[in-house]
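Below: the structure, in structure tokens.
The values are calculated or read from the model by the stated rules, or taken from the named source; none is laboratory data. In this text, all values refer to a predicted model and were calculated from it rather than measured experimentally. FYI the Cβ positions are ideal-geometry reconstructions off the backbone, even for glycines, and counts take in every protein chain you see.
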Amino acid sequence: MTLIDTVTSKASSEYSRFLVAHPESISVGEYVLLYGKSDFTERNDTYEVQTYLADWFAIGDDGGGTALLMRLDGSPAVYNCGHGAIGSLDPELVSPSFAQWLAAECPVPRMDDDDDYGDD
């Protein structure tokens, strides 16, 4: 079974419908690229999502090194995690609902440019 087949059968129906309806990746809001069917498997393979988070898959990214993820358990929640931290850190909740998140144009938490990153 391909990753797309697995996702469309096990992931939330609201995301599965989106993936089936989008053959190409699309930009949403200010930062988010949601992977279409043509890029979905390659991006998940490149970032080794299933290697480090077996029950998860990447649905897109924020263009700044952060993966947008969902679970293969039917949950509609969207999470994020730095590409380099996948498997090392727990993904953080972005939205409890993919459909609501998409309708709101995919807002994602962004690092404040004025943040001193703790080096007081």
Suppose the filter is crowded, with 18+ Cβ neighbours inside 10 Å, in contact with a His (Cβ under 9 Å, 6 or more places away or on another chain) and touching a residue at least 12 places away in the same chain (Cβ under 8 Å); does Leu68 pass it?
no
Pairs, please: C-beta under 9 Å, at least 6 apart or cross-chain, first residue closer than 26 Å to Ala99 by Cβ and in the stretch 75-89, second part of a loop (DSSP other than H, G, I, E, B) and among the aromatic types (Phe, Trp, Tyr)?
His83/Tyr47; Ile86/Tyr47
Those residues of the stretch 90-103 which are of a type in the set (A, V, I, L, M, F, W, C) and free of Cβ contacts under 8 Å to residues at least 24 places away in the same chain amount to Leu93, Trp101, Ala103
For the stretch 63-98, which residues satisfy the criterion of being within 13 Å of the chain's Cα centre (by Cα), closer than 22 Å to Leu3 by Cβ and of a type in the set (A, V, I, L, M, F, W, C)?
Ala67, Leu68, Leu69, Met70, Leu72, Ala77, Val78, Cys81, Ile86, Val94, Phe98
State all residues of the stretch 55-65 that are on the phi < 0 side of the Ramachandran plot and surrounded by fewer than 16 Cβ atoms within 10 Å (Cβ to Cβ); if no residue qualifies, say none.
Asp55, Gly64
Of all the residues that make up the stretch 36-82, how many are among the hydroxyl-bearing types (Ser, Thr, Tyr) and closer than 26 Å to Ala104 by Cα?
5
Considering each residue of the stretch 88-106, count those that are loosely packed, with under 15 Cβ neighbours inside 10 Å and either of a type in the set (Ser, Thr, Tyr) or more than 22 Å from Val20 (Cα to Cα) (or both), and give that number.
5
Which of the residues that make up the stretch 13-36 are touching a helix residue (DSSP H, G or I) at 6+ places or on another chain (Cβ under 6 Å) and either under 16 Å from Tyr79 (Cβ atoms) or surrounded by fewer than 16 Cβ atoms within 10 Å (Cβ to Cβ) (or both)?
Glu14, Tyr15, Pro23, Glu24, Tyr35
Matching residues in the stretch 40-54 - criterion: being free of Cβ contacts under 8 Å to residues at least 40 places away in the same chain and buried (at least 17 other Cβ atoms within 10 Å of the Cβ)
Phe40, Arg43, Tyr47, Val49, Leu53
Scan the stretch 111-119 and give yes if some residue there is touching a strand residue (DSSP E or B) at 6+ places or on another chain (Cβ under 6 Å) and either modelled with pLDDT under 95 or on the phi < 0 side of the Ramachandran plot (or both), otherwise no.
no
